[in-house]
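The values are calculated or read from the model by the stated rules, or taken from the named source; none is laboratory data. On a predicted model such as this, the values are computed, not experimentally measured, just so you know. When we count neighbours, we look across all protein chains shown, and the Cβ atoms used for this are built from the backbone with ideal geometry, even at glycine. Side chains included, ligands, DNA and RNA excluded: accessible areas come from the protein's heavy atoms. Shrake-Rupley method; radii C 1.70, N 1.55, O 1.52, S 1.80 Å.
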Amino acid sequence: MSSTALLVIDMINTYEHQDAETLTASVRPVVPTMRALIERARAEQTPVIYVNDNFGRWRSHHDELLAAALRGPHADLVEPIRPDDTSMFVVKARHSVFYQTPLEYLLQQEGLRHLVLCGQVTEQCILYSALDAHIRRFQVTVAEDAVAHIHPDLADAALRMMERNMGADVLPSDRIDLRA
């Protein structure tokens, strides 16, 4: 049994925010890579866990968040990577996937110690999630070709920080071992 999980961070998104135009320009080219990574994880029976912002919709659940994103102007960015019936889903309200969510408990219950991160935004939620995973002693890998950014220079710096300061493996998705 694999001790690895693929975390898909904040990809169920309506892109109705200030930086949406810049972000969607970065998301569009990584969606095919992200889709391939998700499909490979599913084929290898590696758990896929979507951790997504609730966008202040405190009465929503994952189906409602997905429905809103699929009705939005950028449904083409959500449809290819949408959760399937085997995917797990954790709702978050802040930048880190761990901050006041049940994710750590879920990972412990499933015996998952290696986290592969993909999604958005590299210099925000990916960075903070990697840091929180690191301080919780999870092994972290970031799929560098399956993360999107708003600010390219900050994203590059964030990837370097994750690698140098947190010991994260920053690799192209096709070099990531999902069965570790």
Could you please let me know if Ala130 is open to solvent by less than 40 Å² (accessible area, probe 1.4 Å), small (Gly, Ala, Ser) and farther than 16 Å from Ile38 by Cβ? yes
Whichever residue in the stretch 21-35 is in contact (Cβ under 8 Å) with a residue 12 or more places away in the chain and closer than 11 Å to His74 by Cα and, among such residues, is most open to solvent (accessible area, probe 1.4 Å): Arg28
Taking the stretch 9-20 as the search range and keeping residues that are under 20 Å from Pro80 (Cβ atoms) and acidic (Asp, Glu), which one is surrounded by the fewest Cβ atoms within 10 Å (Cβ to Cβ)? Glu16
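Mind counting the residues in the stretch 15-28 that are touching a Leu at 6+ places or on another chain (Cβ under 9 Å) and more than 28 Å from Ala43 (Cα to Cα)? Break it down stepwise before answering.
Step one: list which residues in the stretch 15-28 are touching a Leu at 6+ places or on another chain (Cβ under 9 Å), which gives 15, 17, 24, 27-28.
Then keep just the ones that are more than 28 Å from Ala43 (Cα to Cα); that gives 15, 17.
Residues meeting the conditions: 2.
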What pairs come out if I take residues in the stretch 100-111 that are farther than 12 Å from Leu7 by Cα and at pLDDT below 95 and pair them with residues that are surrounded by fewer than 16 Cβ atoms within 10 Å (Cβ to Cβ) and not polar (S, T, N, Q) whose C-beta lies under 8 Å away, six or more apart or interchain? Gln100/Ala93; Gln100/Arg94
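Could you tell me which of the residues Thr122, Thr86 is exposed (fewer than 14 other Cβ atoms within 10 Å of the Cβ), among the β-branched types (Val, Ile, Thr) and touching a helix residue (DSSP H, G or I) at 6+ places or on another chain (Cβ under 8 Å)?
Just one listed residue meets the conditions, Thr86.
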From the list Leu70, Leu6, Leu77, Leu66, which one is open to solvent by less than 10 Å² (accessible area, probe 1.4 Å) and in a helix (DSSP H, G or I)? Leu77
